[in-house]
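We did not get these values from a lab; they are worked out from the coordinates using the rules stated. These numbers come from a predicted model, not from an experiment. Every residue, glycine among them, receives a Cβ derived from its backbone with ideal geometry; neighbour counts consider all protein chains shown.
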Amino acid sequence: MTPELPADHRELMIALSGIVNDYPSVDPEEALAALADEAAEALGRHGTPQGRRERTGYTILLYATCWYASARVYGKSLLTSYTEALDGILATLGPDPCTCPADGGGHPAHLDSEYGVEAGASMLTEAGRAAFAEDRGLAGEAMAVFDCEAFLAELAGRAADRVREAYRRNFGGIDVSHLDARFVRDDGGVDVVALQEAIRRTWENNTGPVALWSARRWLSGQVRDDERIGLFLCLWMGVAQTYAGLPPSYTRDLAAALATVDQDVTCEHPRHPWSTATANTRSRYLAVVHLYAPEDHPDTPVPAELSSRELWECPVQYAELARTALKDVQDWRVMRGGDEEDWEG
Ligand SMILES: [Zn+2]
Ligand SMILES: [Zn+2]
């Protein structure tokens, strides 16, 4: 009889393959949280033959999926579940060095991929292992290396480091104070043109830090009247042009700054200047740098009849900008999942 992977593990393998290929067929946050819970639960069987198989399988599965849990989902409880499961696994692994025979071909590689998902799901049971060994043409020592404690400790340690780093990045404090040197002029004013140049250098992934710096400056109250609209537009562009979304470590202050804008306002203006500048990132850039350095940047998409300072400063335009940026932040939350309370200011 041909050995077969048990049906529930086949299902697990398919779900996790979709996730590591960045094309999930199930809710990734839910599936990965369930995986971490199962891994932690299997630790209760530590010391039994089944517990030993499962430790290998879950270590490989957590390792194979940890990049997704770290980079694609902004979930504090998911990362905590991963850390707990991985620390639990590490606690069962001895400090013994690897004793794998050299002719075993070394430790398995490419486990951070679909192959890792297949190997991990297969290692969970005897039947799965037999099917995997047959499919892959592996026998004896080539299979035994998967259970090497030094190998598993290395995988679990690397995954735990990655998850802890993601936790700090996504939920910790982000320090952007070093940007003062770039965005504050000698006279203490905000250099709006320098902020715009930074947003433009998209290859430096600047939009998030610029948005956060702008939000904190806004919240600090150190904003001169003539800087207000420029700084606010830098915040707005930093949000609108961060298509992949920013984690809660950023959005707390972004949302707080946007929430300071009064939404209960009206005006008689048929149009506001920014509505003529939003076609693309270049026209937004031109509109703002023209507003602050018209001699250096004579071109602007904003027509002369809409370029009065009074129109730029209209509270209704601020309200519209704040509303759309808050909507973007809300959309990130839907896209990235995570725990509701972490996104609130
Ligand atoms: Zn080894
Ligand atoms: Zn108005």
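Taking H placed 1.01 Å from N in the peptide plane, check which residues at least 5 places from residue 339 or on another chain put their amide H under 5 Å from its amide H.
Amide H to amide H, under 5 Å and 5 or more residues apart or across chains, residue 339 pairs with 76, 77.
With charges set only on the Cβ (+1 for Lys and Arg, -1 for Asp and Glu), what does the dipole of the range 120-180 come to about its Cα centre, in debye to the nearest 20?
Details: 7 positive and 11 negative charges, 43 e Å.
Value, rounded to 20: 200 debye.
Starting from the 7 Å offset along Cα-to-Cβ, what nm value, one decimal, do you get for the label separation of residue 25 and residue 99?
Those two pseudo-labels are separated by 4.2 nm.
Can I get the semi-axes of the range 10-74's equivalent ellipsoid? Compute them from the C-alpha gyration tensor as square roots of 5 times the eigenvalues, in angstrom, largest first.
So the three semi-axes of the range 10-74 are 23, 11, 10 Å.
Size of the dipole of the range 7-171 about the Cα centre, Lys and Arg at +1 and Asp and Glu at -1 on the beta carbon, nothing else charged, in debye to 20?
Charge dipole, the range 7-171, about its Cα centre: 380 debye, nearest 20.
Measuring from label point to label point, each 7 Å out along Cα→Cβ, what is the residue 168 to residue 226 span in nm?
4.2
Using the C-alpha gyration tensor of the range 7-171, what are the square roots of 5 times its eigenvalues, in whole angstrom, with the largest one first? Mind dumping the intermediate values first?
Values: eigenvalues 115, 65, 41 Å².
Ellipsoid semi-axes (Å, largest first): 24, 18, 14.
Show the residues, 5+ positions off or on another chain, whose built amide H is closer than 5 Å to the amide H of residue 184.
The list, which skips near neighbours in sequence, is 191.
What does the range 265-319 give for Rg and for Dmax, in Å, if only its C-alpha atoms count?
Using the Cα atoms of the range 265-319, the pair Rg, Dmax is 11.2, 34 Å.
Which residues in the range 218-243 place their backbone N less than 17 Å from a point set 7 Å from the Cα of residue 295 along the Cα-to-Cβ direction?
none
Counting other beta carbons within 10 Å of each Cβ, put 214, 113 in order, fewest first.
Numbers: 214 31, 113 15.
Fewest-to-most Cβ neighbours within 10 Å comes out as 113, 214.
Output wanted: per-residue J couplings in Hz (rounded whole) for the range 74-81, from phi through Karplus 6.51 cos²θ - 1.76 cosθ + 1.60, θ = phi - 60°, x for Gly and Pro.
Calculated HN-Hα couplings, in order: 9, x, 5, 5, 5, 5, 5, 4 Hz.
Please arrange 143, 123, 13, 1 by how many other C-beta atoms lie within 10 Å of their C-beta, fewest to most. Intermediate results must be reported in sequence, preceding the final value.
Working: 143 18, 123 25, 13 21, 1 3.
Ranked by crowding around the Cβ, least crowded first: 1, 143, 13, 123.
How big is the range 208-307 along each principal axis, measuring the range of its Cα positions in Å and listing the largest first?
Principal-axis extents of the range 208-307 (Cα, largest first): 39, 29, 25 Å.
What is the chain's relative contact order, in percent, from Cα pairs under 8 angstrom and six or more apart in sequence? Walk me through the numbers before you get to the answer.
Working: 458 pairs, mean separation 62.6, N = 345.
After rounding, I find 18 percent.
Averaging sequence separations of C-alpha pairs under 8 Å and six or more residues apart, then dividing by the length of the range 177-343, give the relative contact order as a whole percent. Don't jump to the answer; show the numbers that get you there.
Working: 175 pairs, mean separation 41.4, N = 167.
RCO, the range 177-343: 25 percent.
If each residue of separation counts as 0.36 nm, what is the full-extension length gain between residue 8 and residue 316 once their alpha-carbon separation is subtracted? Don't jump to the answer; show the numbers that get you there.
Details: separation 308, 0.36 × 308 = 110.88 nm, distance 5.58 nm.
Result: 105.3 nm gained on full extension.
Express in whole angstrom the spacing between the alpha-carbon centres of the range 271-345 and the range 185-233.
Here the two parts' Cα centres lie 13 Å apart.
Tabulate in residue order the Karplus-calculated ³J(HN,Hα) for the range 27-39, using 6.51 cos²θ - 1.76 cosθ + 1.60 with θ = phi - 60°, rounded to whole Hz; enter x for Gly and Pro.
5, x, 4, 5, 5, 6, 5, 5, 4, 4, 5, 5, 5
Treat each spin label as a single point 7 Å out from the Cα along the C-beta direction, and report the residue 180 to residue 219 distance in nm.
So the two model labels end up 1.6 nm from each other.
Averaging over every viewing direction, what projected area does the convex hull of the Cα atoms of the chain cover, in nm²? Each step should come with its number before you reach the end.
On the way: hull surface 88.6 nm².
Seen from a random direction, the Cα hull of the chain projects 22.2 nm² on average.
Each residue of the range 109-114 in order: what ³J(HN,Hα) in whole Hz does its phi give by Karplus 6.51 cos²θ - 1.76 cosθ + 1.60, θ = phi - 60°, with x for Gly and Pro?
Result, ordered by residue: 10, 6, 8, 8, 8, 4 Hz.
Using only Cα positions of the range 46-105, each an equal point scatterer, no hydration layer, compute I(q)/I(0) via Debye at q = 0.13, 0.28, 0.30, 0.31 Å⁻¹ and quote the log10 values to two decimals.
-0.46, -1.18, -1.23, -1.25
Going by average Cβ density within 10 Å per residue, which order do the peptides 192-198, 115-121 take, highest to lowest?
Working: 192-198: 20.9, 115-121: 24.1.
Ranking, from highest mean packing down: 115-121, 192-198.
Using +1 at the Cβ of each Lys and Arg and -1 at the Cβ of each Asp and Glu in the chain, identify which of 31, 128, 43 lies farthest towards the dipole's positive end.
31
Nearest 500 deg cm²/dmol is fine: what mean residue ellipticity at 222 nm does the chain get from its DSSP H runs of n ≥ 4 alone, each adding -39,500 (n - 2.57), divided by its residue count? Intermediate values should be presented prior to the final figure.
Numbers: 17 runs with 210 residues, N = 345.
Calculated from helices alone, the mean residue ellipticity at 222 nm is -19000 deg cm²/dmol.
To the nearest 0.05, how large is the calculated FRET efficiency for residue 45 and residue 335 if R₀ is 35 Å and r is the Cβ-Cβ distance? Present the calculation step by step, with values, prior to reporting the outcome.
On the way: r = 37 Å, r/R0 = 1.05.
Calculated value: 0.40.
Just how large is the dipole of the chain about the Cα centre, in debye to the nearest 20, putting +1 at every Lys and Arg Cβ and -1 at every Asp and Glu Cβ?
On the way: 31 positive and 55 negative charges, 83 e Å.
The dipole magnitude comes to about 400 debye.
Between residue 34 and residue 264, what FRET efficiency comes out of the Förster formula 1/(1 + (r/R0)^6) with R0 = 41 Å and r the beta carbon distance, rounded to 0.05? The partial results should precede the final answer.
Values: r = 45 Å, r/R0 = 1.09.
For R0 = 41 Å, the calculated efficiency reads 0.40.
Take the alpha carbon gyration tensor of the range 85-238, find the square roots of its eigenvalues, order them as a ≥ b ≥ c, and report rounded if a/c is under 1.5; if not, report prolate when a/b exceeds b/c, else oblate. Working shown, then result.
On the way: a/c = 4.16, a/b = 3.36, b/c = 1.24.
Prolate, since a/c reaches 1.5 and a/b exceeds b/c.
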